[in-house]
Every structure is written in structure tokens, then in C-alpha cells.
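Everything on this sheet refers to the single structure shown next.
Derivation of every value follows stated rules applied to the coordinates shown; laboratory data play no part. Here the structure is a predicted model, which means the values were calculated and not measured. Reconstructed Cβ throughout: ideal geometry from the backbone, glycine too, with neighbour counts over all protein chains shown.
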Amino acid sequence: MSQRPLRTALTLMTAAAASLTLSAAPATARPSDPRTVRDLVRAYLASAKYLDEKTALADGYVPHQCSSDPAGHGSMGYHYFNESRYGSLDPAKPSALLFEDGKDGRRRLAGVEWIVLDSDQNLKTSKDRPSMFGGQKFDGPMPGHYPGMPIHYDLHVWLWKDNPNGLFDRWNPTVKCPAGTTHPGRTDTAHTGSSGTSHTGSSGTGHTGSSGKAPAGPSGKKPAGSSGAAHTGSMGMAHSGH
């Protein structure tokens, strides 16, 4: 394992220990108790292997489009969803990974995300809102981000790229998406870019990862598009390339 995860884990622990001597601060500012620190370190070390995108694909994380806030508050990057982990509150088992395009053309891990489905599938109720990391509440409930994704709660944690807005903020202003990319919003329909057509990324072809092969979905079967067509993901939605 590289030294970076270990150094950052130590930084998290040091920052949290220091925070115990300071006045109360928002949960998004810094960890505030030993259990929170432990869980963040577990999440950090468990996600370190996903610095290699190929490992994420092999573990069943399916890439989807890059999400940016149309209001200009930042981006979430490319979501890699693992439906088998929806409902996880285990710091070592995130439901999604957040990647961004690197200068070298490879995708870089920026953050992790936990997703819990809303029990009554009603956007107007939130009695079952979960929390993690010392009481940090999930955002939502909200509609799915791709066709077939149920109403859910989610929690973003920017463990691999600093977020000036806070560790748990949904949008990261330092993460960029290709021009014309917007957040799917409050609809359960395929994402469309500013032109009104189905968004396929700047290349118009499906993302195949650094290995050049289409990733396998959670079932272990290669999705349609292994010949170079747009990757449809686990729910049939076109995925953007670089």
C-alpha cells in the first residue's frame, strides 16, 4: 500500500484529536469524536484500493455520467454505483465511488458515497433518514439518479480530494465535469446535456476504463457496449466517456 493512505489516516486522527480541545463546530468541518475518526479511517483505508479504477470495476462498481450542479456550486464527478451495497452503513463498504477525469486521461478517485433506499418511497417523509460518522445525516430523500433507481438518501464523503465546502457537502467546487453536463435533478429520466440530447460525454463513446474493456456489471456479465458502444450500466442508461 502506498504511504499516502497511511499519512492521510494519521492526519484525520490528528485533526480529530485536536478538535476535541476546540469549541463545537459543524459536523462538516472536522471530526469531533474518536468513533467518528475510527470510521473515517476505516472508510479511507478500505477505499484506497479503488485508486485503481480497474479494481472498482472488478468489484462491481458500474460507471454513470458525470454530475454537475446547474446552479454552479460544483460537481460530484462520475458516479460508480454498486447496487449490491445499497443500504450499507458500513464505513468499509461504500455504495458508490466518485471519480473525476485526471490530466493524464485516467479517472482519479475523489470521494465515496453511501446510499440507503427510502422505506416508503415518499419524497415528503423522512422519518427513516439514516446517519453515519458521528451523527452526520444523509441528504434526501430524493429521486433516483438514473432510470430504475428508487427514491433514496445519500451521503458524500470527500476523502480523496479536499472540498472547501466541507467533508460531507454534496457538491465539490474543485471537481470538474465535461462542458454541458448537469445533475439529473428531480426526475427519473435519462440525463440530457444542454443540447437536449442524451449525454454521452465528449468522445461520444462509452467509457471502458483504463484496461480498454467494458466493465462487468454487478451480475458479472458484460453490459451491451463492449464493442465500443455507449455503456448502459446496470439499469440501461447511457454512460459518458472522457
Quiz prompt | Table column - 3J(HN,Hα) (Hz), the stretch 64-81, Karplus curve with 6.51, -1.76, 1.60, x for Gly and Pro | solution = 10, 5, 7, 10, 10, 7, x, 7, x, 7, x, 9, 9, x, 7, 7, 10, 8
Quiz prompt | Simple spin-label estimate for Thr174 and Ala58 in nanometres, 7 Å along Cα-Cβ | solution = 2.9
Practice problem: Grab the Cα-Cα distance for Arg106 and Asn122, subtract it from 0.36 nm times how many residues apart they are, and report the gain in nm with one decimal. | Solution: 1.9 nm
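What's the FRET efficiency of Asp162 with Ser131 using the Cβ-Cβ distance as r and R₀ = 25 Å, to the nearest 0.05? Display every interim value, and only then the final one.
Working: r = 23 Å, r/R0 = 0.92.
Efficiency for this residue pair is about 0.65.
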Exercise. Quick one: which residues, 5 or more positions from Gly87 or on another chain, have an amide H under 5 Å from its amide H? H modelled 1.01 Å from N in the peptide plane, none for Pro or chain starts.
Key: Ile115, Val116, Leu117
